[in-house]
Amino acid sequence: MICTVLNLRAIDLNLLPVFEAAYEEGSLSGAARRLSLTQPAVSHALARLRATFRDELFVRQSRGMRPTPAADALYGSVRESLALVRGAIDESRGFDPATSRRRFSVAIPHP
């Protein structure tokens, strides 16, 4: 039995946020605005992702684009993975009360 292992070094992981934005925005221009990229840059990134996943990922429609079944299957895992990476980066930066969105309650017992 031959076992093939995915070589992550062969995949540009920087393309995954482009996939996430394109999926959530439903358009190249929306994804480009969200990521502060040009529309051709997003289009090129999606072309690279299509080659990586061997699927079209998105089908153009009269207004925007819709994900293929393969993109639907990938989206949850990609979103969850990126959320974990973002969370790890946020935790490594430490706590900043000026930017925190957490809510705290302070209770002081009376003597």
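Structure values in brief
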quantity	calculated
Selection count where residues are open to solvent by less than 90 Å² (accessible area, probe 1.4 Å), modelled with pLDDT of 90 or more and not aliphatic (A, V, I, L, M), scope segment 72-88	5
Test: V59 is assigned to a strand (DSSP E or B) and surrounded by 10 or more Cβ atoms within 10 Å (Cβ to Cβ)	yes
Any hit, segment 14-32, residues being of a type outside the set (A, V, I, L, M, F, W, C), touching a Pro at 6+ places or on another chain (Cβ under 7 Å) and open to solvent by less than 90 Å² (accessible area, probe 1.4 Å)	yes
Test result for A83, part of a helix (DSSP H, G or I) and within 12 Å of the chain's Cα centre (by Cα)	yes
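This table checks each residue for (1) open to solvent by less than 80 Å² (accessible area, probe 1.4 Å); (2) assigned to a loop (DSSP other than H, G, I, E, B).
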{"residue": "R34", "(1), (2)": "no, no"}
{"residue": "A47", "(1), (2)": "yes, no"}
{"residue": "A51", "(1), (2)": "yes, no"}
{"residue": "A70", "(1), (2)": "yes, no"}
{"residue": "D90", "(1), (2)": "no, no"}
{"residue": "D96", "(1), (2)": "yes, yes"}
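The values are calculated or read from the model by the stated rules, or taken from the named source; none is laboratory data. It should be emphasised that the depicted structure is a prediction, and the values quoted were computed from it without experimental measurement. Note that we place each Cβ from the backbone using ideal geometry, even for glycine, and neighbour counts take in every protein chain shown. These area figures cover heavy atoms from the full protein model, side chains too; ligands, DNA and RNA do not enter into them. Shrake-Rupley method; radii C 1.70, N 1.55, O 1.52, S 1.80 Å.
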